[in-house]
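Structure first, then comments.
Coordinate-derived values only; no laboratory data. Quantities reported herein were computed from a predicted structural model and do not represent experimental measurements. All Cβ positions, glycine included, derive from the backbone under ideal geometry; neighbour counts span all protein chains shown.
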Amino acid sequence: MRDLGQGSATEVDAERSRVAGEGWGARLLALQGDDGNWGGGAYSPKWTSTTYTLLLMRHFGIRPDDPAVMEAIDRVRSNVVMGQAEHPFFWYVGETCITGMSLALAAYFFPNDVIPPQVEWLLDEQLEDGGWNCQTVNGSTRSSFNTTISVLEGLQEMEHAVGGDPLISKARQLGHEYLQERRLMRALSTGDILNKRWLLFSFPPRWHYDVLRGLDYLRESGETPDPRCEEAIELVASKRRPDGSWPLQNRHPGREHFTMEEGSGKPSRWNTLRALRVLGWHRGD
């Protein structure tokens, strides 16, 4: 309704209000444990832990101000810690990829709260090439697509929450250049495709990068389509099935709360939605 159907703000808001009480959103809320966690842990087991469950709710557009959601989030905030240093869940700082996820969740579920500590830490962790890498503690000076996309999504969510921030915006622009200089899939030095799995579109993406996730992030960021994205756009268009849908691909192994779509190779509502809105963004319609 919002991205394809030109629904009014009132219609979209009414539909969004249903997420916490019906379907997948309601099912996820009902699975929270008495200790505030989902799946028995903050980050593991994958993909039923608190982190990945809340990321799913964010994908679903669940309303943070819904009473059932606020109650669930309050249990997380009061009881759940993350990492060896046992940071409060929404204030976690440590592994860069997870820190980006934590920031996205903090900004989404507490849009009017104080700026969390992840922001300054992630800005300091940005590498000279414009991206981020979880392996900087081991001396790596090259960024990772997997880490960069998680950080960019977190910073973007933070900018939405605060209505813009020049330091965050500058860091994100450098991150956009990192992705676009590499055509969203290629090594800068050789032009080779870095990982053929990135050409397969999965949902939920978990912590993994793929080309559709990169394009959908750029669309959401409000960027004007860049000519360096053309190859990636052509890849998305090429995967359209004769019935007009896009398939689910490259499901990431691990336990799930429940099955949301039929399986790899089958039509995917989520991939179809994301592909159509990316192509519409590229065409300017």
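Computed over the chain with a Gaussian network model linking Cα atoms closer than 10 Å, the most mobile of Met57, Met70, Met185 is Met70. Each part gets one Cα centre, and for region 114-168 versus region 1-59 those centres are 24 Å apart.
Taking a straight Cα-Cα cut-off under 12 Å and skipping sequence neighbours fewer than 8 places away in the same chain, the aspartates and glutamates within cross-link reach of Lys46 are Glu256.
Taking each of Lys170/Lys239; Lys196/Lys266; Lys170/Lys196 in turn, the alpha-carbon distance tops 27 angstrom for Lys170/Lys239; Lys170/Lys196.
Below 12 angstrom from the Cβ of Ser143, what's the summed charge of the other residues (Lys, Arg +1; Asp, Glu -1)? Net of charged neighbours comes to -3.
Using 0.36 nm per residue and subtracting the Cα-Cα separation, the extra length available between His59 and Thr141 on full extension is 26.4 nm. Looking at the square roots a ≥ b ≥ c of the eigenvalues of the Cα gyration tensor of region 206-272, which shape do they give, rounded for a/c under 1.5, prolate if a/b is larger than b/c, or oblate? Taking the square roots of the gyration eigenvalues as a ≥ b ≥ c, region 206-272 is oblate. All Cα-Cα separations within region 1-84 were binned at 5 Å from zero, giving a P(r) of 3, 15, 23, 23, 15, 8, 7, 4, 1, 0, each value a whole percent of the pairs.
For region 93-181, divide the Cα radius of gyration by the Kirkwood radius and give the resulting Rg/Rh value with two decimals.
0.95
Springs between Cα atoms under 10 Å define the GNM used for the chain, and in it the highest mean-square fluctuation of Phe60, Phe145, Phe258 occurs at Phe258.
In terms of the mean number of neighbouring beta-carbon atoms within 10 Å, the peptides 155-167, 105-117 order highest first as 105-117, 155-167.
Taking K and R as +1 and D and E as -1, what net charge do the other residues with C-beta under 13 Å from the C-beta of Tyr92 add up to? Every neighbour counted, the sum reads -1.
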